[in-house]
Structure formats: C-alpha cells, structure tokens
Amino acid sequence: MPDLFSLIDRLEREHSLSEAEYQTLLENRNEALTAELRERAVRARKAVYGNTVFTRGLVEISSFCKNDCLYCGLRRSNGKAERYRLTPEDVLACCREGWELGFRTFVLQGGEDGWFTDERLTPLLRQIKAEYPTCAVTLSLGERSRESYQRLFDAGADRYLLRHETADKAHYERLHPAELSWAHRMDCLRTLKEIGYQVGCGFMVGSPGQTEKELAKDLKFVESFRPAMCGIGPFIPHKDTPFCDQPAGSVELTCYLLSILRLIQPNLLLPATTALGTLDPLGREKGILAGANVVMPNLSPVSVRKKYMLYDNKICTGEESAQCRGCLSARVASIGYELVTDRGDPR
Ligand code: SAH
Ligand code: SF4
C-alpha cells in the first residue's frame, strides 16, 4: 500500500496521478485524508481565485426532452413530467433581470428540445450579446451537430456545458438507453473544444452501479481533457424514473472529489451544485469549503421552476431570482467568501 499522504503530495506538486492511484485515494477515503485534501485544495484555490466565488444565472429554457436518460426526471418516457418551454422574449426578460442583479454570465440550459433550432437560438444569442456585450453566454443544451455548435458559437455563445456523466463506457451504457452513445458524447466534447468554446464537462457522483473504479476514470479524464469547468453533483433519484429506488450519492464523497479536482487543475471552475444543496442544507457551503468556486443560482421564471425537476426535492424552486442571489450571497459570506459581479472566466 503506497503512503497515501505522499500521493497527495505528488498530486499537489505534479497535478497528476495514475488512474490506479486515483482509485487508491478514493478507496481509502477517511477523515484524515479528507481534511488533508481539503486544506490543500483551499490553498490551491486561494492562490488562483482568492476568496472570490463566481456566479452564473441559470435559465432553464425547456423541460421537453427527446432523450431517455434513465436517471433524469425530464426523460421522454416520464409521462408525469410537466413540460414547458420559454419563449425567446421570456429568456431575454430573465437576462435583463439577471443583469440588474449583478449576473455577468447567463447559462441557458434545457432538455434536448427540437423546438430550439439554430434558427431560433442564433437570433436570441445575438440579441443577448447586443444588449449586454460584456456578458458571457453559456449553453447547456445537450448533443448537437458540429455545424450547430459552430453556428451557435458564431452567434455569440462563449461556453458550453456538457457533462460526460461518466468516463466509463460500460457504466454510461447502464445509465442510458442504447440509442445514446458514450463515444458520441465524448466526440461532442472534443468538437466543442476545437470550435473554441470554454467547455465544461462533469459527472454524477453515486450514480447506480458506480464504484471507485469508474470515478478514478472520471478524474483521469478530467486531468487529460483540461476543461474550463467541471460540474459534479451527487446523483439524486427521481420518483418517476427507473432509478427511483436507487440510493442517492454522497455529499462527503462529492466534496472529496472536489478537493482532488482542485489539485488536478488549480484554475478549474468548480461549481458547488444545486444537487449538493438539495441533499444537505449546507451542501453548497461544504462544496466551497472543499475547493469549489462557482455557484449557479436560478434565474428562471418562478412559474416554471417546479417543472424543471431533474431529480426529487430540487431546491430553490419557490423563490424569486433576487432572493436566490441574496440567499447565496449571504451563504457564501457566512463562510468567509465573497460572491462577485464578474464574467468569471478561468484564470
Ligand atoms: N439536457 C442537457 C442539460 C440538462 S440536464 C444534458 O443532458 O446535457 C443537466 C445535468 O443534470 C445532466 O448532465 C445530469 O448530470 C444532471 N442530472 C440529471 N438527472 C439527475 C439526477 N437524477 N441526479 C443528479 N443529477 C442529475
Ligand atoms: Fe434530457 Fe439532459 Fe435529462 Fe438526459 S439528462 S433526459 S438529455 S434533460
């Protein structure tokens, strides 16, 4: 058994371990290692980002989805899901409100909804950029063709979030129907990077059947892919999906992974996700204290929020956007950090 503390030393110095070494770190997780990783992750994060926390306003543009991911409440087979889509005018209104509140990044996220063609998205992107030339726009709309990604980029999209979900092909196949391919998802990520987007990948922690082996692959993938952002959050079951009876992922393991990711890539944008806050009332604070440096409060109209139910009991579905911003700002301040008005580009 290698000395685990010397592994952490090497990770901090070289920002790299072998897949087997990541697995060893994960399999031997205990309080002492957690504390050690957390301390070094916070140090690394402070060296790059100080005590600032970036924020992005999340606009959930559609709950329609043509896909059938087994874990997700928006999957097409879920006949109980309430479907809505925002009009371009609704989205612009969310951005206007967000700008007033100090958001300088807007994330347009949704299910894979065929209504949002390039012809509908490109004028919307141009208009957001015309009104707020200094903002950044992030898209999180799933898998599209290279041509589509290129058109959206040319129309002003700066960033794209597409979680790889898992870097292990066999595990991907346990989480998705056969028509969705792991290779295609990975190809999309490479394409987005080639086009010039700031790319965010990411994975669920504790998805059904996942072990330390799959998570070690995720860490090695992030190490080699070098994304601008990596979104990780615990899996949370949704009552109307095939995984309704599966246990949720763990807040502690998610935080442990956040610390490791911070040491792999000190300038990585790491959100403390809503899923963390859903499993634990202090989950997002714990995420920041483990090395995360981004929060993504909800800017969607309150009338649709309960319909964007990726998983059960999702938080922040009742408040106005201003309340969400205020609440997060206070939470961040309560642990000695500062929410800033900034595009939040990687340094
Ligand atoms: N349709 C787009 C974006 C919306 S889903 C896409 O799939 O990329 C955004 C993310 O929510 C997914 O990438 C997935 O990681 C996460 N998610 C979905 N269902 C979840 C669940 N039950 N628990 C935790 N995260 C979930
Ligand atoms: Fe659709 Fe994304 Fe949910 Fe999959 S995870 S069903 S693509 S919204």
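The values are calculated or read from the model by the stated rules, or taken from the named source; none is laboratory data. Note that the structure is a prediction, hence the values are computed from the model and not measured. FYI the Cβ positions are ideal-geometry reconstructions off the backbone, even for glycines, and counts take in every protein chain you see. We work out accessible area using only protein heavy atoms, side chains counted, and drop any ligands, DNA or RNA first. Shrake-Rupley method; radii C 1.70, N 1.55, O 1.52, S 1.80 Å.
Would you mind computing, in nm to one decimal, how far apart the modelled labels at Glu89 and Ala35 are, each placed 7 Å from Cα along Cα→Cβ?
Each label point is offset 7 Å from its Cα along the Cβ direction, giving 5.9 nm.
Compute the projected area of the convex hull of the Cα atoms of region 236-285, averaged over all viewing directions, and report it in nm² to one decimal place. If you can, show how the numbers build up before the last one.
Details: hull surface 16.5 nm².
For the Cα atoms of region 236-285, the hull's average projected area reads 4.1 nm².
Can you find, among Ser321, Ala272, Ser224, the residue sitting farthest towards the positive end of the charge dipole of region 4-340, where Lys and Arg contribute +1 and Asp and Glu -1 at Cβ?
Positive-most Cα among the choices belongs to Ser321.
Mind checking which of Thr52, Ser334, Cys94 is farthest towards the positive end of the chain's charge dipole, using Cβ charges of +1 (Lys, Arg) and -1 (Asp, Glu) about the Cα centre?
Among Thr52, Ser334, Cys94, the one farthest towards the positive end of the dipole of the chain is Cys94.
Going toward the positive end of the dipole of the chain, with +1 on Lys and Arg Cβ and -1 on Asp and Glu Cβ, which of Leu180, Asn298, Pro237 do you reach last?
Asn298
Under the classification rounded if a/c is under 1.5, otherwise prolate if a/b is larger than b/c and oblate if not, where does region 1-102 fall, given a ≥ b ≥ c as square roots of the Cα gyration tensor eigenvalues? If you can, show how the numbers build up before the last one.
Values: a/c = 3.99, a/b = 1.74, b/c = 2.30.
Cα axes put region 1-102 in the oblate bin.
Multiply the residue separation of Ala20 and Ala330 by 0.36 nm, subtract the distance between their alpha-carbon atoms, and state the gained length in nm to one decimal. If you can, show how the numbers build up before the last one.
Working: separation 310, 0.36 × 310 = 111.60 nm, distance 4.02 nm.
Result for the pair: 107.6 nm of gain on full extension.
Could you put Lys217, Lys129, Lys80 in order of accessible surface area, largest first, with the 1.4 Å probe and the full protein assembly present? Can you show the working numbers first?
Numbers: Lys217 65, Lys129 45, Lys80 155 Å².
Descending accessible area places them as Lys80, Lys217, Lys129.
How large is the charge dipole for region 284-347, taken about the Cα centre, if only the Cβ atoms of Lys, Arg (+1) and Asp, Glu (-1) carry charge, to the nearest 20 debye? Present the calculation step by step, with values, prior to reporting the outcome.
Values: 10 positive and 7 negative charges, 39 e Å.
Roughly 180 debye, rounded to the nearest 20.
About the Cα centre of the chain, how large is the charge dipole given +1 on each Lys and Arg Cβ and -1 on each Asp and Glu Cβ? Please answer in debye to the nearest 20. Kindly include the intermediate steps, with their values, before the conclusion.
Details: 46 positive and 47 negative charges, 99 e Å.
Value, rounded to 20: 480 debye.
Pick out which of Ser321, Ser140, Ser224 has the largest mean-square fluctuation in a Gaussian network model of the chain, springs linking Cα atoms closer than 10 Å.
So, out of Ser321, Ser140, Ser224, the one fluctuating most is Ser224.
Once label points are set 7 Å from the Cα along Cα→Cβ at both Asp3 and Lys80, what is their separation, rounded to one decimal in nm?
It is 5.4 nm.
Sort the following peptides by mean Cβ neighbour count (other Cβ atoms within 10 Å, averaged over residues), highest first: 264-276, 225-237, 5-17, 166-178. Don't jump to the answer; show the numbers that get you there.
On the way: 264-276: 24.3, 225-237: 22.7, 5-17: 15.0, 166-178: 17.2.
Result, highest mean first: 264-276, 225-237, 166-178, 5-17.
How high is the relative contact order of the chain, in percent, with contacts defined as C-alpha pairs under 8 Å that are six or more residues apart? Working shown, then result.
Numbers: 640 pairs, mean separation 86.8, N = 347.
In percent, rounded to a whole number, it is 25.
Roughly to the nearest percent, how much of the accessible area of region 4-340 is carbon and sulfur, given a 1.4 Å probe?
Numbers: 6510 of 12640 Å².
After summing per-atom areas, the C and S share lands at 52 percent.
Rank Arg75, Arg126 by accessible area, highest first, at a 1.4 Å probe radius? Don't skip to the end; give the middle numbers.
Details: Arg75 25, Arg126 130 Å².
Descending order: Arg126, Arg75.
Determine by what factor the alpha-carbon radius of gyration of region 85-203 differs from 2.2 N^0.38 Å, reporting the quotient.
1.11
At what distance in nm do the modelled label points of Asp245 and Ala178 sit from each other, each positioned 7 Å from its Cα along Cα→Cβ?
For Asp245 paired with Ala178, the spin-label model returns 2.5 nm.
With a probe of 1.4 Å, find how much accessible area region 21-170 has per residue, and write the answer as a whole number in Å². Kindly include the intermediate steps, with their values, before the conclusion.
Numbers: 5940 Å² over 150 residues.
Result: 40 Å² per residue.
FRET efficiency for Lys306 and Thr211, Cβ-Cβ distance as r, R0 = 45 Å, nearest 0.05? Let's see the in-between values first.
Numbers: r = 34 Å, r/R0 = 0.75.
Efficiency, rounded to the nearest 0.05: 0.85.
Using a/c under 1.5 as the rounded threshold, could you call region 196-347 rounded, prolate or oblate? The axes a ≥ b ≥ c are square roots of the C-alpha gyration tensor eigenvalues, and prolate needs a/b larger than b/c, oblate otherwise.
Working: a/c = 1.63, a/b = 1.06, b/c = 1.53.
The shape class here is oblate.
Taking all pairs of different Cα atoms in the chain, averaging 1/r and flipping that mean, what Kirkwood radius in angstroms comes out? Mind dumping the intermediate values first?
Details: mean 1/r = 0.0495 Å⁻¹.
For the chain, inverting the mean 1/r across all distinct Cα pairs yields 20.2 Å.
At a Förster distance of 30 Å, what's the computed FRET efficiency of Glu27 paired with Ser145, Cβ-Cβ distance as r, to 0.05?
Details: r = 40 Å, r/R0 = 1.33.
It comes to 0.15.
Going by average Cβ density within 10 Å per residue, which order do the peptides 45-58, 81-94 take, highest to lowest?
Listed from highest to lowest mean packing, they are 45-58, 81-94.
List the residue ranges in the chain for DSSP H helices whose C-alpha atoms run 27 angstrom or more along the long axis and whose Kyte-Doolittle average is 0.5 or above.
Numbers: long enough: none.
Taking the DSSP H segments of the chain (at least 27 Å long, mean hydropathy at least 0.5), we get none.
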